[in-house]
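Below is one structure, written out as structure tokens; the observations come after it.
The values are calculated or read from the model by the stated rules, or taken from the named source; none is laboratory data. No experiment lies behind these values; they were computed from the predicted model shown. FYI the Cβ positions are ideal-geometry reconstructions off the backbone, even for glycines, and counts take in every protein chain you see. Side chains included, ligands, DNA and RNA excluded: accessible areas come from the protein's heavy atoms. Shrake-Rupley method; radii C 1.70, N 1.55, O 1.52, S 1.80 Å.
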Amino acid sequence: DKNNRIYLISNNGKVVWETTLDGPIMGSVKQVDVYKNKKLQMLFNTPNSLYLLDRNGNAVESFPIELKSAATAEVSAVDYDKSRDYRIFIPTEGEEILCFDSYGKLVQGWNYTGGSGDIVLPVEHIRIKRKDYLFSLTEGGDVLLLNRKGEPRHKVSKKAAGFKLGGYKLDIGSKISNSSLYFADITGTAFRLRFDDSLEKLQPRPQNSSDYFFAKLDNEVSMDFGLLYNESFAAFS
């Protein structure tokens with residue numbers, strides 16, 4: 001709520017527990033199974049802390065973790081091999097991406113060095129033909145495609161210039177070079193940034209948009225996009 005209290009409410013409307021956080025939750029609450037016993041925990045972050053609560057509302061292990069610098073995007077949990085040995089990623093100010101294990105310990109060997117602006121999107125895991133990529137985007141529009149150590153795995157020179165924080169869509173192909181990032185800017189222009197360094201754009205109407213989304217509406221092959229204008233909504237192939 002507006003006082004930063006989080007509640008667990010049962011399906012019959014009973015408040016089971018409530019607790020106070022140190023700020024508003026950024027993004028969504030993820031569910032993880034750190035003890036591998038099918039009893040899920042809730043992972044989320046505020047601007048200043050990283051939380052992991054059990055189903056009784058109690059903090060798990062060494063959580064909450066106070067962040068030395070403010071978070072710039074929401075936390076993500078990556079389970080590379082479906083073994084529930086999670087890697088927890090949280091971008092923070094100072095061009096950092098912190099990497100924790102399931103118990104809140106910093107992962108040794110994680111080597112993201114930054115240098116291209118603060119991160120504005122949560123880290124997202126991509127797997128193509130047994131190769132892992134960690135995707136994100138910096139405030140300057142640089143596409144990150146990292147390996148498990150935080151080092152660049154694939155370089156995209158073109159920038160996602162004009163990216164408006166909000167909707168975006170990854171379209172994953174048979175290899176990383178024919179995969180794409182779809183996004184839009186405030187002018188109502190839609191972009192497809194291919195990871196082979198080509199950039200396509202389309203502005204169907206000469207007016208600004210207030211929101212947008214990408215989805216495969218008509219079939220499972222081509223991407224479509226919708227734009228919300230002042231008094232109308234339109235969808236395009």
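When the test is whether a residue is in contact with a strand residue (DSSP E or B) (Cβ under 7 Å, 6 or more places away or on another chain) and within 27 Å of Arg148 (Cβ to Cβ), Leu52 passes it.
Would you check if Ile97 is surrounded by 16 or more Cβ atoms within 10 Å (Cβ to Cβ) and either aromatic (Phe, Trp, Tyr) or within 14 Å of the chain's Cα centre (by Cα) (or both)?
On the way: surrounded by 16 or more Cβ atoms within 10 Å (Cβ to Cβ): yes; either aromatic (Phe, Trp, Tyr) or within 14 Å of the chain's Cα centre (by Cα) (or both): yes.
So Ile97 fits the description; yes.
On the stretch given as the stretch 55-93, residues that are touching a Gly at 6+ places or on another chain (Cβ under 7 Å) and assigned to a loop (DSSP other than H, G, I, E, B) total 5. For Asp211, are the conditions met, namely being open to solvent by less than 60 Å² (accessible area, probe 1.4 Å) and either at pLDDT below 90 or not basic (Lys, Arg) (or both)? Spelling it out, it is not the case that Asp211 is open to solvent by less than 60 Å² (accessible area, probe 1.4 Å) and either at pLDDT below 90 or not basic (Lys, Arg) (or both). Take the conditions open to solvent by 40 Å² or more (accessible area, probe 1.4 Å), part of a loop (DSSP other than H, G, I, E, B) and touching a Ser or Thr at 6+ places or on another chain (Cβ under 8 Å) and apply them to Asn219. Does it pass? Here the answer is no, as Asn219 does not meet what is asked. Residues in the stretch 175-188 that are over 30 Å from Phe100 (Cα atoms) and surrounded by fewer than 18 Cβ atoms within 10 Å (Cβ to Cβ): Asn178, Ile186, Thr187. Taking every residue in the stretch 52-63 that is at positive phi and pairing it with any residue that is open to solvent by less than 40 Å² (accessible area, probe 1.4 Å) and in a loop (DSSP other than H, G, I, E, B), at least 6 positions away or on another chain, the pairs with Cβ-Cβ distances below 6 Å are Glu61/Gly104.
Check Tyr229, Tyr168 and return the single one that is of a type in the set (Phe, Trp, Tyr) and either surrounded by 17 or more Cβ atoms within 10 Å (Cβ to Cβ) or in contact with a Leu (Cβ under 8 Å, 6 or more places away or on another chain) (or both). Even if it seems obvious, please write down each step before you answer.
Values: Tyr229 fails: either surrounded by 17 or more Cβ atoms within 10 Å (Cβ to Cβ) or in contact with a Leu (Cβ under 8 Å, 6 or more places away or on another chain) (or both).
Of the residues listed, the single one that is of a type in the set (Phe, Trp, Tyr) and either surrounded by 17 or more Cβ atoms within 10 Å (Cβ to Cβ) or in contact with a Leu (Cβ under 8 Å, 6 or more places away or on another chain) (or both) is Tyr168.
The requirement of being more than 17 Å from Asp197 (Cβ to Cβ) and of a type outside the set (Phe, Trp, Tyr) is not satisfied by Ser157. The set of residues in the stretch 131-163 that are of a type in the set (Ser, Thr, Tyr) and closer than 27 Å to Thr187 by Cα comprises Ser136, Thr138, Ser157. All conditions in (1) over 23 Å from Leu144 (Cβ atoms); (2) in a loop (DSSP other than H, G, I, E, B); (3) open to solvent by 10 Å² or more (accessible area, probe 1.4 Å) hold for Val34, with the sole exception of (3). A single entry from Gly140, Gly115, Gly109, Gly162 fulfils the requirement of being loosely packed, with under 13 Cβ neighbours inside 10 Å, at pLDDT below 90 and either part of a loop (DSSP other than H, G, I, E, B) or not acidic (Asp, Glu) (or both): Gly115. Look at the stretch 114-125: where a residue is over 13 Å from Leu146 (Cβ atoms) and a partner is assigned to a loop (DSSP other than H, G, I, E, B) and among the acidic types (Asp, Glu), sitting 6+ places away or on another chain with Cβ atoms under 8 Å, you get Gly117/Glu95; Gly117/Glu139; Gly117/Asp142; Asp118/Glu93; Asp118/Glu95; Asp118/Glu139; Val120/Glu139; Pro122/Glu74.
Evaluated against (1) touching a residue at least 12 places away in the same chain (Cβ under 8 Å); (2) out of contact with any Phe, Trp or Tyr (no Cβ under 9 Å at 6 or more places or on another chain), Glu220 falls short on exactly one condition, (1).
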